[in-house]
1. Please determine, by comparing only the residues of segment 94-104 that are in contact (Cβ under 8 Å) with a residue 24 or more places away in the chain and within 21 Å of the chain's Cα centre (by Cα), which one is nearest to E137 (Cα to Cα).
2. Take the residues in segment 57-93 that are at pLDDT below 90 and outside any helix (DSSP H, G or I); name whichever of them is surrounded by the fewest Cβ atoms within 10 Å (Cβ to Cβ).
3. In segment 120-148, which residues are within 23 Å of C327 (Cβ to Cβ), among the polar types (S, T, N, Q) and loosely packed, with under 15 Cβ neighbours inside 10 Å?
4. So in segment 292-307, with the set limited to residues that are part of a strand (DSSP E or B) and under 19 Å from N122 (Cα atoms), which one is modelled with the highest pLDDT?
5. Out of segment 14-38, which residues are small (G, A, S) and in contact with a helix residue (DSSP H, G or I) (Cβ under 6 Å, 6 or more places away or on another chain)?
6. Does I352 fit the bill of being out of contact with any Gly (no Cβ under 7 Å at 6 or more places or on another chain) and of a type in the set (V, I, T)?
7. Name the strands (runs of 3 or more DSSP E) wholly inside segment 308-349 in which the number of residues that are in contact with a strand residue (DSSP E or B) (Cβ under 6 Å, 6 or more places away or on another chain) is 1 or more.
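The values are calculated or read from the model by the stated rules, or taken from the named source; none is laboratory data. Model, not experiment: these values are computed from the prediction. Here Cβ is always computed from backbone atoms with ideal geometry, including for glycine, and neighbour counts include all displayed protein chains.
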Amino acid sequence: MPSNLTVNRIIAGDCVAELRKLPEASVDLVFADPPYNLQLKGELWRPNFTAVDGVDDAWDQFESFAAYDEFTQAWLGECRRVLKPEGTLWVIGSYHNIFRVGKILMDLGFWVLNDIVWQKVNPMPNFRGVRFANAHETLIWAKHSEKSRYTFNYQVMKQFNHGKQMRSDWIIPICSGAERIRVNGQKVHPTQKPEALLERVLLASSNVGDIVLDPFFGTGTTGAVAKRLGRNYIGIERDEAYIKVATKRIAAVETQPQPKRIETKRRLRRIPFVTLLQQGMLAEGDCLYFRHDRGRTAHITANGKLQYAGREGSIHKMAREIQGGPCNGWEHWYYEAEDGALVVIDRLREQIRAQQAVE
């Protein structure tokens with residue numbers, strides 16, 4: 001890495017001004033969750049006359065589309081400058097801004113690889129009943145330029161999808177429950193992203209030791225996931241309250257062993273859920289919790305199935321029944337760790353795969 005680049009830190013300040021201080025071609029991956037410019041008009045109320053806790057922060061407000069476009073061009077331009085030629089950029093947004101962002105990044109020379117639809121399992125409804133419920137957000141994945149090489153860990157993504165090619169529609173719950181950071185019972189950040197989303201982004205398009213830049217760091221989801229996966233991070237954030245929360249959050253994260261090589265198709269091993277019992281990570285009779293919800297519990301049977309509400313089936317079958325639709329059980333069932341925290345069972349599968357990769 002460049003000798004004048006310090007990693008694993010949060011830079012306090014305006015993103016454009018601080019990006020200009022970073023050396024050219026110095027980072028491997030950019031993940032950006034910029035202001036959406038929601039253009040909210042007045043308060044939003046539920047049918048029971050309670051106010052919706054929407055995004056009304058000053059950082060999401062711009063006086064015009066022209067002002068937003070100028071801001072977008074400035075930070076995207078600097079991100080392209082600091083991105084290595086073989087690096088890639090991810091930007092997430094909603095219908096309010098993603099089309100404007102997409103045009104600008106293409107005008108700057110980025111080459112779009114995919115648009116990913118993050119389908120929210122549990123989206124906020126449209127309380128006024130005048131539009132479809134907005135149940136997804138869009139991620140643009142782009143490389144530095146048309147002829148640039150880039151990292152794509154295809155086999156890792158297949159592991160996430162039961163050995164099948166990963167699609168561009170990702171079904172992931174919104175950030176809720178124990179994962180949602182709160183202070184005095186109030187959400188710290190209105191648009192905190194789930195770690196499962198960042199985990200997939202980083203595993204797909206970066207390698208151990210890479211530098212991941214997040215110019216809109218917020219409460220540090222990118223940094224927390226990067227540290228856990230053995231990546232380096234640089235975050236830029238202007239809100240001191242967010243920085244304080246992110247610093248504490250990342251300090252509590254432990255780096256997990258990562259594979260020293262990417263498994264090829266011939267070496268790819270499926271990890272059945274029962275393996276977790278055989279390895280002593282879980283045991284018959286243990287409780288699993290569906291999506292952080294301690295009120296929805298299933299018990300593990302001796303043959304690696306789950307019992308829930310008088311029915312028995314695989315982690316995927318029981319998750320589908322609860323959710324009422326497609327569901328990857330590895331990403332939706334949680335176990336209780338020794339410290340009382342709820343942890344997704346996919347972490348245990350990752351540990352097994354990491355051990356197999358280094359043996």
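1. Among those that are in contact (Cβ under 8 Å) with a residue 24 or more places away in the chain and within 21 Å of the chain's Cα centre (by Cα), it is S94.
2. E63
3. Of everything in segment 120-148, those that are within 23 Å of C327 (Cβ to Cβ), among the polar types (S, T, N, Q) and loosely packed, with under 15 Cβ neighbours inside 10 Å turn out to be N122, N134.
4. Top of the filtered list is T297.
5. S26
6. The answer is yes for I352.
7. 333-336, 342-344
Residue by residue, here is whether (1) in a strand (DSSP E or B); (2) β-branched (V, I, T); (3) modelled with pLDDT of 95 or more holds:
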| residue | (1), (2), (3) |
| --- | --- |
| S3 | no, no, no |
| E18 | no, no, yes |
| L22 | no, no, yes |
| D28 | yes, no, yes |
| L38 | no, no, no |
| E43 | no, no, no |
